[in-house]
Amino acid sequence: MKIPTAAISRVLATLLFFSSLHLSAQQEDSVKKVVQQPLRIRPLPSNKNYLSAKSLIVPGTLISYGFSTLKSGALQKLNRNICEEVTEDASGFKTRVDDYLKYAPVASVYLLNAVGVKGRHRILDRTIILAMSSVLSAQLVTALKHGTHQLRPDGSTYNSFPSGHTTTAFIGAEMMNQEFGWRSPWYSVAGYTMASGTAALRIMNNRHWLSDVLAGAGIGMLSTKFSYWVYSKWENRRHTKQLMYY
């Protein structure tokens, strides 16, 4: 069995390209908008940092591409061509690594803290944000899977769009970016690379089309950013009330 390096390399390159654009936008926003908060050991960015127009371009583009494929014959043909190339070169390929790799980014968020690398938020804070992101994305993914009724490449079920595994992986990757990207962009790169690997394996396993994983990546990013925005808005309001008593 030959690994379809050409096709998978293109998938990885596509996801990492969009991730790098997203990271670039995040870095610019962080430099411009990070403010020092009293009663905080680490800087907490303003609400606008999480949902700035620039930072929404990449997840919005990925999601839009996924939806466009549902009605575009040309994009559906591209889906089939990539799938055919992968299945021809990797006939019989099967792995469950993607079932575990999807959790690697979010596990890293907690592991880094355990080894002494402090993130932007406390463990409790980020756990609440993770729960919010997971619930929101699960609702979106489930609704879309039932609503779009897309057949998987392997013909097994009609719930292909979007990729839930990829969504989960990119929730963790976006959390890595938010919690540790201000320390070094390499933390963000590591998270997005693991998430992109999950997406590539979903295609190699013949479980998803390219459009499925791109949309899943966008949903994971966007739901996490939205959860950070909501939580920071609530926390800043609570913080303001605390200051009134000092």
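The values are calculated or read from the model by the stated rules, or taken from the named source; none is laboratory data. This is a predicted model, so every value here is computed, not measured. Counting neighbours? That spans all protein chains shown, and the Cβs are built from the backbone with ideal geometry, glycine included.
Worth pointing out:
- Complete set of residues in the stretch 197-221 that are part of a helix (DSSP H, G or I) and in contact with a Ser or Thr (Cβ under 7 Å, 6 or more places away or on another chain): THR198, ALA199, LEU201, ARG202, SER211, ASP212, VAL213, GLY216, ALA217, ILE219, GLY220
- Within the stretch 130-186, tally of residues that are of a type in the set (Ser, Thr, Tyr), touching a Gly at 6+ places or on another chain (Cβ under 9 Å) and in a helix (DSSP H, G or I): 6
- Spans of helices (runs of 4 or more DSSP H) in the stretch 11-113 with at least 2 residues on the phi > 0 side of the Ramachandran plot, touching a Pro at 6+ places or on another chain (Cβ under 6 Å) and modelled with pLDDT of 95 or more: none
- GLY220 free of Cβ contacts under 8 Å to residues at least 60 places away in the same chain and either surrounded by 24 or more Cβ atoms within 10 Å (Cβ to Cβ) or closer than 20 Å to LYS94 by Cα (or both): no
- The residues of the stretch 176-186 that are within 16 Å of LEU16 (Cα to Cα) and surrounded by fewer than 20 Cβ atoms within 10 Å (Cβ to Cβ), listed by number, are PRO185, TRP186.
- Residue in the stretch 187-194 that is touching a residue at least 12 places away in the same chain (Cβ under 8 Å), touching a Leu at 6+ places or on another chain (Cβ under 9 Å) and closer than 17 Å to ALA138 by Cβ present: no
- Residue match in the stretch 140-159 (condition: among the small types (Gly, Ala, Ser) and either surrounded by 16 or more Cβ atoms within 10 Å (Cβ to Cβ) or at pLDDT below 95 (or both)): no
- Reported count of residues in the stretch 173-203, each being more than 12 Å from the chain's Cα centre (by Cα) and among the hydroxyl-bearing types (Ser, Thr, Tyr), is 2.
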